[in-house]
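The values are calculated or read from the model by the stated rules, or taken from the named source; none is laboratory data. All figures in this text were calculated on a predicted structure; none of them were measured in a lab. Cβ coordinates were reconstructed from backbone atoms using ideal geometry, including for glycine residues, and neighbour counts include every protein chain displayed. Each accessible area value is taken on the protein alone, full model and side chains, heavy atoms only, with ligands, DNA and RNA left out. Shrake-Rupley method; radii C 1.70, N 1.55, O 1.52, S 1.80 Å.
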Amino acid sequence: MIVDTPRLWLRPVLPDDADNFVSLDSDPLVMRYVSDGDPTPRAQIVDWTIPRARAEYAAHGTGIWTLILKPSLEFAGWVALRRPRHGGQRRELELSYRLPREVWGQGLATEAARAMLAAAFAGVPPERVFAGAAPDNVASLRVLRKIGMRITPALTDESAGGDIEFEILRHHWLMRSGGGYAPERHHGRHRLPDALPGA
């Protein structure tokens, strides 16, 4: 499934994305709230991150989507909608995203995250989507609030030393969006630009 938003194409991650993912994770500012600025080893991206995401997409339709900027077709980061590792009984998905510093401040994270919420709550939806952000990661906190997420009530008293968990429940999304923003979803290559990387 490829998602079409006003300024982005979102397509499932491919092995060919490895170089861009490695470059993205080599920026200490990008990784500030992820690993205290340390880069992700290439082997981890090639041997674990991308294969795991592709396997999840094949099995469940979830995983990592690579962001392609219109009209330049440049790499613009990624957004993920994944089954949580804790594997609880609740039907829920975890949202995350990572964009290169060059495109910060343009609203692209909000656009991509909102598109993923719309995709998540279509079809056979989860009960909720959640995401975490460091208390001092002001930009990410702003994105989560802009897409309608709120701090998970049961976790409001957690120590500020860890991530703040945000969530949005399906019925809240439907009430907020009223059927709302629905990005175009392509399942065939014929509707995409011929030069879309990896399509």
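Mind running the shape call on the range 37-138? Use the C-alpha gyration tensor, a ≥ b ≥ c as the square roots of the eigenvalues: rounded below 1.5 for a/c, prolate if a/b tops b/c, oblate otherwise. Judged from the Cα gyration tensor, the range 37-138 comes out rounded (a/c under 1.5). With a simple spin-label model that places each label point 7 Å from the Cα along the Cα-to-Cβ direction, the separation between SER72 and LYS146 comes to 1.8 nm.
Using 0.36 nm per residue of separation minus the Cα-Cα distance, give me the extension gain between MET1 and ALA59 in nm, one decimal. It would help to have the intermediate numbers written out before the result.
On the way: separation 58, 0.36 × 58 = 20.88 nm, distance 1.32 nm.
Stretched fully, the MET1-ALA59 segment lengthens by 19.6 nm.
A 1.4 Å probe over all protein chains sorts SER96, SER23 by accessible area into SER23, SER96, starting with the largest. Ligands, DNA and RNA aside, LEU14 has an accessible area near 40 Å² when probed at 1.4 Å. Against the criterion of solvent-accessible heavy-atom surface with a 1.4 angstrom probe, ARG42, ARG52, ARG128 sort, most first, into ARG42, ARG52, ARG128.
Per-residue extension of 0.36 nm, minus the Cα-Cα distance of GLN106 and ARG91, leaves a gain of 2.2 nm for this segment.
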